[in-house]
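Trainee: I'd like to ask some things about the structure below.
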Amino acid sequence: MKHLLEKLETTKLDNRIRLGIMSMLMVNDWVEFGAFKEMLGLTDGNLASHMKVLEAESYVELRKLFVGRKPQTSYTATIAGRNAFNDHLAALEALLKSGS
Amino acid sequence: MKNQNEHLETLTEIRSLMERSSRFISLSGLSGVAAGVCALAGAAMVYLYLGLPLFSNQRLYYVEVLEQGRWGIHYATFFLLDAAAVFVLALASGIFFTTRKARQKGQKIWDPMAQRMLVNLAIPLLAGGIFCIALYKTGNFGLVAPATLIFYGLALVNGGKYTFDDIRYLGLAEILLGIVGLFKPGYGLELWALGFGVLHILYGIIMFNKYERA
């Protein structure tokens, strides 16, 4: 029980918003910055700071495309990111099953 | 320390985010019912035009009408006008009910999910439309109705990946009806009315009860 909790809290995914970002990336190849903002109801600054954390962990990769003159940033989950998400979910489920 | 409820909530939220960010879920069941009604009305017009008794093998009637036309309208013009009217009315009511549902639930209607679904619907539909023109040009009139059912079914199966899974079953049923039609020439109109009319209405009612009844 205790080790399960520790496992949850040491990963960078023990955060609602970051977990939300990863959830969206698990079911989409590339997701545009604005789409996260809208779906999760965040400000630019707030979303950017969470993205920096995920980038630092190499959970996500970004690409910039120019649509007309506007740069558009999209994100995709790396294999490390997918594994981390799956581990986190498994830990959550185990915690629920242990029924405390 | 977090409790059980919070973890459960997190899991629910993850599932909802995955669903909402990858699927178009504003599609209203009522638009299916409306499309079905339009199709039945369209099929009824064709019956009137051909002056047919129900469920008779129609090859002979077709031949007669194809040669002479009726009401002073050539059959090709009539079929085309009829099909266009059904298509426009069904599309308009679909857009109406779906927009209404999206507004009620505070969802956007024109988002990347909607675009992706429509593109995937459109590819088999366009290919099928061109195929039907070719059938018509080569004189295979009897195969046009089954071909529209088959390609429409393929479009639903394809587009179904980006909306409710249920729509795939509707697609499979349309394909099945179309295949029956390929080998039962002369019953194209009945199968068409069944596929585009009755199945749409059934599907619409099922979807409405499953996802929209508050």
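The values are calculated or read from the model by the stated rules, or taken from the named source; none is laboratory data. Just so it is clear, the structure is predicted and the values come from calculations on it, not from any experiment. Cβ placement follows ideal geometry from the backbone for every residue including glycine, while neighbour counts extend to all protein chains displayed. To get the accessible areas, we keep the full protein, side chains included, count just its heavy atoms, and leave off ligands, DNA and RNA. Shrake-Rupley method; radii C 1.70, N 1.55, O 1.52, S 1.80 Å.
Trainee: Considering only residues that are open to solvent by 30 Å² or more (accessible area, probe 1.4 Å) and either of a type in the set (Lys, Arg) or away from chain B (no Cβ under 14 Å) (or both), which ones fall in the range A:23-54?
Mentor: A:Lys37, A:Thr43, A:Asp44, A:Gly45, A:Asn46, A:Ala48, A:Ser49, A:Lys52, A:Val53
Trainee: OK, next. So which residues in the range B:1-20 are open to solvent by 50 Å² or more (accessible area, probe 1.4 Å), part of a helix (DSSP H, G or I) and either of a type outside the set (Lys, Arg) or closer than 21 Å to A:Ser98 by Cβ (or both), if there are any at all?
Mentor: B:Asn5, B:Glu6, B:Leu8, B:Glu9, B:Thr12, B:Glu13, B:Arg15, B:Glu19
Trainee: Then there's this: Which of the residues spanning the range B:179-201 are under 13 Å from the mean Cα position of the chain (by Cα) and free of Cβ contacts under 8 Å to residues at least 40 places away in the same chain?
Mentor: Selection gives B:Leu194 alone.
So that you can scan it fast, the table gives a plain yes or no per residue for (1) within 15 Å of the chain's Cα centre (by Cα); (2) aromatic (Phe, Trp, Tyr); (3) exposed (fewer than 13 other Cβ atoms within 10 Å of the Cβ):
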site	(1), (2), (3)
A:Ala56	yes, no, yes
A:Val60	yes, no, no
A:Lys70	no, no, yes
A:Ser74	yes, no, no
A:Asn83	yes, no, yes
A:Asn86	yes, no, yes
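Trainee: Can you name the residue in the range B:146-165 that is under 12 Å from the mean Cα position of the chain (by Cα) and β-branched (Val, Ile, Thr) and is also surrounded by the fewest Cβ atoms within 10 Å (Cβ to Cβ) among such residues?
Mentor: Checked the range B:146-165; the qualifying residue surrounded by the fewest Cβ atoms within 10 Å (Cβ to Cβ) is B:Val157.
Trainee: So which residues in the range A:88-100 are open to solvent by 80 Å² or more (accessible area, probe 1.4 Å) and facing chain B (nearest Cβ under 10 Å)?
Mentor: Within the range A:88-100, A:Glu93, A:Ser100 meet the criteria.
Trainee: Filter the range B:21-33 down to the residues that are open to solvent by 20 Å² or more (accessible area, probe 1.4 Å) and either assigned to a helix (DSSP H, G or I) or within 8 Å of chain A (Cβ to nearest Cβ) (or both) and list them by number.
Mentor: B:Leu30, B:Val33
Residue by residue, here is whether (1) in a loop (DSSP other than H, G, I, E, B); (2) at pLDDT 65 or above; (3) surrounded by fewer than 17 Cβ atoms within 10 Å (Cβ to Cβ); (4) touching a Ser or Thr at 6+ places or on another chain (Cβ under 8 Å) holds:
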site: B:Ala44; (1), (2), (3), (4): no, yes, yes, no
site: B:Ser56; (1), (2), (3), (4): yes, no, yes, no
site: B:Glu67; (1), (2), (3), (4): no, no, yes, no
site: B:Phe78; (1), (2), (3), (4): no, yes, no, no
